[in-house]
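Peer 1: Starting off with a structure, shown below.
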Amino acid sequence: MEARQNTSYRKIIHIDMDAFYASVEQRDNPEYRGKPIAVGGSPEGRGGVVATASYEARKFGVRSAMSSKKALQLCPYIIFVKPRFAAYKEVSQKIREIFRRHTDLIEPLSLDEAYLDVTEDKQGVGSAIDIAKQIKQAIKDELQLTASAGVSINKFVAKIASDINKPDGMTFIGPSSVESFMEKLPVEKFFGVGKVTADKMKGMGLHTGADLKKLSEDEMVKHFGKAGRFYYQITRGIDGREVQPNRETKSIGAEDTFPYDLTEIDEMYNEIDKISQTVASRLKLYNLKGRTVTLKIKYNDFRQITRNQSFAEPIGDLTTIGETAKKLLLNTQPEDARIRLLGVTLSNFGELQTRERNISDPGQLSLF
């Protein structure tokens, strides 16, 4: 860490609300408290998708983006709750107000997640740890909800840190601890490393960040393609991105990296249906429609392509989004493909943005 001495570091906080939609429902509806609930579509008929599951449901393996039918199989007593997006948006605005007491450098990632740069904080607290504690306490006292916080010198490490002690957790990873922390991290915990890549790494005897650091950048690229450069940086905790407040929403999308490669078209269609449901819900939340549907495909060799189709009139309904994405998939001749990630995005909003301008826009929303 000698190269990091005498360096001025940013103070970055990543705040992530705990099971946000489900927690709001449990707060507002006492009959849901302590019970496994899933906010999302009903499992009846073709079935919906889980947007968020309570921690009681997560103990059974229920997770976001899972089909409601699968959630019911895992947890027969789960309660499905219809989303109340207006309520979640209102709570999110109140959370942002708490953030703004300390800094204007806020980069929302979604309704329940944001980066804060508190290098220079409004109240002169000085300590990013203390600021994170104050924010968490204010959320608990004023909104009766819990949040987890990660505090570090950059966005990447802060985001990992916020997930370590959920729910209601707080983890600080200081400048002198960043590299040692990344060295101990299992390879599957690194963002961008899915099951297939993790298995490949382990097959090469690479189980932790420390193992990955033994490879040069050229060796990483040789074994993992372009993604190798990314892995080379993150194993060293390097992330120079700044917190970007008030990003204009240019697209709304969702994507998912699968636990195994998809090889059957029916599997691909099923995943597109789930992802399109998430996109349609987010469009409804922000009262947006767009003219361009984009399908993103990442193969098991990390080769990535996108295909898109534009419409003369703006669209935002689930059926059109899903069917268009499936049509785009068919045009890529997927019969012999091995797909590790699919993403669907709607863009080209034009003059249709009707969201309130007095809150920070969340930028492009993604499902990971």
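Peer 1: Cβ-Cβ distance below 7 Å, separation of 6 or more or different chains: which pairs start in region 136-157 with a residue that is within 19 Å of residue 101 (Cβ to Cβ) and among the basic types (Lys, Arg) and end on one that is modelled with pLDDT under 95 and assigned to a helix (DSSP H, G or I)?
Peer 2: Close Cβ pairs (under 7 Å, with a partner that is modelled with pLDDT under 95 and assigned to a helix (DSSP H, G or I)) do not exist here.
Peer 1: Only one residue in 50, 24 is β-branched (Val, Ile, Thr), crowded, with 21+ Cβ neighbours inside 10 Å and touching a strand residue (DSSP E or B) at 6+ places or on another chain (Cβ under 6 Å). Which one?
Peer 2: 50
Peer 1: A further question on this structure: Across region 33-47, which residue is modelled with the lowest pLDDT among those that are surrounded by fewer than 22 Cβ atoms within 10 Å (Cβ to Cβ) and farther than 14 Å from residue 277 by Cα?
Peer 2: Only one residue fits best here, namely 45.
Peer 1: Exactly one of (1) out of contact with any strand residue (DSSP E or B) (no Cβ under 7 Å at 6 or more places or on another chain); (2) modelled with pLDDT of 90 or more; (3) surrounded by fewer than 19 Cβ atoms within 10 Å (Cβ to Cβ) is unmet by residue 188. Its number?
Peer 2: The one condition residue 188 does not meet is (2).
Peer 1: Follow-up. With without any contact (Cβ under 8 Å) to a residue 12 or more places away in the chain and among the charged types (D, E, K, R) as the only criterion, which of 214, 189, 166 stands out?
Peer 2: 214
Peer 1: Still on this structure, I have one more. With the structure loaded, tell me whether residue 165 is within 20 Å of the chain's Cα centre (by Cα), outside the structural domain of residue 255 (by TED's automatic domain parsing), under 27 Å from residue 255 (Cβ atoms) and surrounded by 14 or more Cβ atoms within 10 Å (Cβ to Cβ) or whether it fails that test.
Peer 2: Spelling it out, it is not the case that residue 165 is within 20 Å of the chain's Cα centre (by Cα), outside the structural domain of residue 255 (by TED's automatic domain parsing), under 27 Å from residue 255 (Cβ atoms) and surrounded by 14 or more Cβ atoms within 10 Å (Cβ to Cβ).
Peer 1: For residue 157, are the conditions met, namely being assigned to a helix (DSSP H, G or I) and under 28 Å from residue 340 (Cα atoms)?
Peer 2: When the stated conditions are applied, residue 157 passes them.
Peer 1: Let me ask something additional. Quick check on this structure: which one of 51, 86, 71 is without any contact (Cβ under 8 Å) to a residue 12 or more places away in the chain, closer than 26 Å to residue 343 by Cα, of a type outside the set (D, E, K, R) and not in a loop (DSSP other than H, G, I, E, B)?
Peer 2: 86
Peer 1: Also, I was wondering about something else. Any residue at all in region 198-216 that is under 30 Å from residue 321 (Cα atoms), out of contact with any His (no Cβ under 7 Å at 6 or more places or on another chain), crowded, with 18+ Cβ neighbours inside 10 Å and outside the structural domain of residue 103 (by TED's automatic domain parsing)?
Peer 2: no
Peer 1: Right, residue 257: among the β-branched types (Val, Ile, Thr), touching a strand residue (DSSP E or B) at 6+ places or on another chain (Cβ under 7 Å), in the same structural domain as residue 317 (by TED's automatic domain parsing) and part of a helix (DSSP H, G or I) or not?
Peer 2: no
The values are calculated or read from the model by the stated rules, or taken from the named source; none is laboratory data. Being a predicted model, the structure only gives us computed values, none of them experimental. All Cβ positions, even for glycine, are placed from backbone atoms using ideal geometry, and neighbour counts span all protein chains on display.
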